[in-house]
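The structure appears right after this line, and notes come after that.
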Amino acid sequence: MIPLLILDTTKRPDIDDMIRAHQHLGPGDATSGWMRPSRWTGDRISLVITTTKPIRCTMVIEFDLEKWGGTVDQIVATQALYVQPGRPGDRLVTTMVHERLLVEIPTREFREDWDRMFRKATVAGFRRKGLSRAEAKQAADRFMADWRQALAIRLRSD
């Protein structure tokens with residue numbers, strides 16, 4: 001299942017315009033890439049998306065890996081993402097008819113790095129919950145295997 005991000009575009013009307021242009025003018029071109037905001041912070045990652053046609057627009061979406069690691073893992077697995085402009089409090093159930101943009105997110109070269117980052121963030125989360133280092137590593141490995149197995153079942157049914 002391709003994840004959907006509803007972005008608060010209150011201060012970014014250019015994102016609203018870009019998505020509206022894509023809906024009315026047809027497909028465009030986009031590039032994307034993953035980066036860490038700082039090499040000193042392993043708990044966050046940013047996705048940079050730049051559209052060049054029909055309107056140039058750059059979005060930098062930052063993810064806290066402990067909270068949003070599963071979503072990032074879905075983006076990496078599906079190599080795609082829906083982006084929908086919104087306002088604070090918007091939910092998919094109330095915005096089903098709103099315009100959204102499907103963006104391809106090629107991740108082949110990033111996959112190995114992502115696996116390490118996801119595991120490290122998951123271990124850190126279990127450590128914060130009181131598990132020993134060894135227990136946290138085992139729990140993280142089990143969680144990631146179960147998570148990806150569930151995701152694979154979902155992906156096959158689409």
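What follows is calculated from the coordinates using simple rules that are stated; it is not laboratory data. Quick caveat, the model's predicted, so the values are computed rather than measured. Methodologically, a virtual Cβ is constructed for each residue, glycine included, from the backbone with ideal geometry; neighbour enumeration extends over all protein chains shown.
Does residue 99 fit the bill of being among the charged types (D, E, K, R) and in a loop (DSSP other than H, G, I, E, B)? The answer is yes for residue 99.
Residues in the range 7-57 that are surrounded by 13 or more Cβ atoms within 10 Å (Cβ to Cβ), hydroxyl-bearing (Ser, Thr, Tyr) and under 17 Å from residue 106 (Cα atoms): 31, 32, 46, 50, 51. On the stretch given as the range 78-104, residues that are buried (at least 20 other Cβ atoms within 10 Å of the Cβ), of a type in the set (A, V, I, L, M, F, W, C) and farther than 9 Å from residue 3 by Cβ total 3.
Take the residues in the range 62-77 that are more than 9 Å from the chain's Cα centre (by Cα) and outside any strand (DSSP E or B), then tell me which one is surrounded by the fewest Cβ atoms within 10 Å (Cβ to Cβ).
Top of the filtered list is 67.
Just one of the numbered conditions (1) in a strand (DSSP E or B); (2) closer than 17 Å to residue 113 by Cβ is not true of residue 30: (2). Looking at the range 26-64, which of its residues are aromatic (Phe, Trp, Tyr) and over 19 Å from residue 85 (Cβ atoms)? Scanning the range 26-64 gives 34, 40. Residue 38 fails exactly one of the following numbered conditions: (1) more than 12 Å from the chain's Cα centre (by Cα); (2) outside any loop (DSSP other than H, G, I, E, B). What is the number of that condition? Every listed condition holds for residue 38 apart from (2). Condition (residue is under 15 Å from residue 8 (Cα atoms), out of contact with any Pro (no Cβ under 7 Å at 6 or more places or on another chain) and aliphatic (A, V, I, L, M)) applied to the range 62-76: is it met by at least one residue? The answer is no; no qualifying residue exists. The sole residue among 18, 59, 1, 117 that is part of a strand (DSSP E or B) and touching a residue at least 40 places away in the same chain (Cβ under 8 Å) is 59.
Just give me the residues in the range 93-110 being farther than 20 Å from residue 25 by Cα and out of contact with any Leu (no Cβ under 6 Å at 6 or more places or on another chain), in sequence order. Please lay out each step first, then the result.
In the first step, residues of the range 93-110 are kept if they are farther than 20 Å from residue 25 by Cα; the result is 93-96, 105-110.
Across the range 93-110, the qualifying residues are 93, 94, 95, 96, 106, 107, 108, 109, 110.
Selection of the range 111-156 for residues being closer than 30 Å to residue 53 by Cβ and surrounded by fewer than 16 Cβ atoms within 10 Å (Cβ to Cβ) yields 111, 113, 155.
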